Amino acid sequence: MDIKEIISSINHCVDQLDFTTARRYIEDNIELVNKERASLKSNAREILKFILEKNNSGEKPLTKKEINEINVINTYAARFDIRGLKLNIKGKEQLLLKDETLNYLSADAKIILEGMGAIKK
């Protein structure tokens, strides 16, 4: 694909509110898209800005495995299964320390983990 096709695809995805596909296009072609950012629509520029900030901060995005682990934590919290929750978070301290993890935790999980002292308020 040449840069005009990529930009067109990204803008079309943004128009259709398909931000995940737009983000994938941007991540795959970050250098080319960054050079031609003036051709992007405002939402696409915001996605590009977000991706560049994440890359510059040095923080790695959560993997699918980590997201699945967070979903398991949310499930235990929703069932109020404290014992299962404690067993599940054992050894996952680094995951709970990541800033992005808080965005994926449910309200129940946040309250229980804060009470346990596993995450900060």
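Nothing in this text is a laboratory measurement; each read-out follows from the coordinates by a stated rule. Please read these numbers as outputs of a predicted model, since none were measured by experiment. Positions of Cβ are backbone-derived with ideal geometry, glycine not excepted, and every protein chain shown enters the neighbour counts.
How much length would be gained if the chain were fully extended between D28 and Q94, taking 0.36 nm per residue of separation minus their Cα-Cα distance, in nm to one decimal?
Extra length available between D28 and Q94 comes to 21.0 nm.
Do any of K86/K110; K41/K64; K90/K110; K49/K121; K60/K86; K4/K54 go past 22 Å between their Cα atoms, and which?
K41/K64; K49/K121; K60/K86; K4/K54
Using Cα positions and a limit of under 15 Å, work out the aspartates and glutamates in reach of K98, with same-chain residues fewer than 8 apart set aside.
Partners found: E59, E66, E69, E114.
For L87, L105, L62, what's the fewest-to-most ordering of other Cβ within 10 Å of each Cβ?
L87, L62, L105
With the cut-off at 1.5 for a/c, could you classify the chain from its C-alpha gyration tensor as rounded, prolate or oblate?
Since a/c reaches 1.5 and a/b is larger than b/c, the shape of the chain is classed as prolate.
What do you get for GluC sites (Glu not before Pro) in segment 57-104 restricted to DSSP loop and a cutoff of at most 12 other Cβ within 10 Å of the site's Cβ?
For GluC sites (Glu not before Pro) across segment 57-104 that sit outside H, G, I, E and B with at most 12 neighbouring Cβ atoms in 10 Å, the list reads E59.
First measure r as the distance between the Cβ atoms of D81 and L102, then evaluate 1/(1 + (r/R0)^6) with R0 = 35 Å and state the FRET efficiency to the nearest 0.05.
0.95
Nothing charged except the Cβ atoms of Lys and Arg (+1) and of Asp and Glu (-1): what's the magnitude of the dipole of the chain about its Cα centre? Round to the nearest 20 debye.
480
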